[in-house]
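The values are calculated or read from the model by the stated rules, or taken from the named source; none is laboratory data. What you see is a predicted model, and the numbers here were worked out from it, not measured in a lab. Virtual Cβ from ideal backbone geometry, glycine too; neighbours counted across all protein chains shown.
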Amino acid sequence: MEGIKYSFEKLVVWQESKKLVVEVYHLLENFPKIEKYALCDQIRRAIVSVPSNIAEGSGRKSLKEQIHFLEIAYGSLMEAYNQLLIAVDLTYITKESVEFIKPSIDVVAKMINGLSNSYSEKLEAQASIKQSNKPLSN
């Protein structure tokens with residue numbers, strides 16, 4: 001797609017999480033029809049929420065808000081992984097199929113945490129600069 005490139009599109013974590021959405025959607029093709037609007041739908045919502053929250057957070061002005069949306073993205077990633085494990089227990093998908101995409105889940109989790117930690121450090125640095133610029137009170 002040509003045209004304007006938004007800041008989130010440049011984030012490797014967003015790019016990787018979007019790839020993970022596709023991987024998970026392919027896994028869901030194996031679910032029984034009765035699960036189409038139940039567990040399958042929950043997994044879809046959770047996994048799509050990961051890149052969506054990364055994108056939404058990148059559109060926020062404050063680092064605090066950006067961190068908040070990264071935390072939501074991480075929570076959604078854990079929710080989707082948990083639901084995939086439940087699907088294995090229900091024999092809707094194989095343990096091997098989840099093990100196949102687990103490295104992608106791990107990569108996205110590490111990237112979300114890394115970006116969140118980076119933003120937290122910037123936030124702390126900003127706070128410390130503001131603190132050091134306060135006039136001394138008598």
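Can you tell me which of (1) hydrophobic (A, V, I, L, M, F, W, C); (2) free of Cβ contacts under 8 Å to residues at least 12 places away in the same chain; (3) closer than 30 Å to Glu124 by Cα is the one Ala38 doesn't meet?
(3)
Within segment 42-61, work out how many residues are touching a Ser or Thr at 6+ places or on another chain (Cβ under 6 Å) and either without any contact (Cβ under 8 Å) to a residue 24 or more places away in the chain or at positive phi (or both).
Selection size over segment 42-61: 0.
For Met78, which of the numbered conditions (1) in contact (Cβ under 8 Å) with a residue 40 or more places away in the chain; (2) within 30 Å of Thr91 (Cβ to Cβ); (3) among the aliphatic types (A, V, I, L, M) fails to hold?
Unmet for Met78, out of (1) in contact (Cβ under 8 Å) with a residue 40 or more places away in the chain; (2) within 30 Å of Thr91 (Cβ to Cβ); (3) among the aliphatic types (A, V, I, L, M): (1).
Contact list please: Cβ distance under 8 Å, first residue in segment 111-133 and closer than 15 Å to Lys64 by Cβ, second residue not in a helix (DSSP H, G or I), pairs at least six apart or on different chains.
Final answer for the pair search is Leu115/Leu11.
In the set Lys95, Lys33, Lys64, which member is in contact (Cβ under 8 Å) with a residue 24 or more places away in the chain and of a type in the set (Lys, Arg)?
Lys64
Can you report the number of residues in segment 80-105 which are farther than 22 Å from Ser52 by Cα and among the small types (Gly, Ala, Ser)?
Adding up the residues that qualify gives 2.
Being over 21 Å from Ala46 (Cβ atoms) and of a type in the set (D, E, K, R) narrows it down to one of Lys102, Lys61, so name that one. So that I can check it myself, show each step before the final result.
On the way: Lys102 fails: over 21 Å from Ala46 (Cβ atoms).
Matching residue, one of Lys102, Lys61: Lys61.
Do we find that Leu123 is modelled with pLDDT of 95 or more and either out of contact with any Asp or Glu (no Cβ under 6 Å at 6 or more places or on another chain) or within 17 Å of Tyr25 (Cβ to Cβ) (or both) in this structure?
No.
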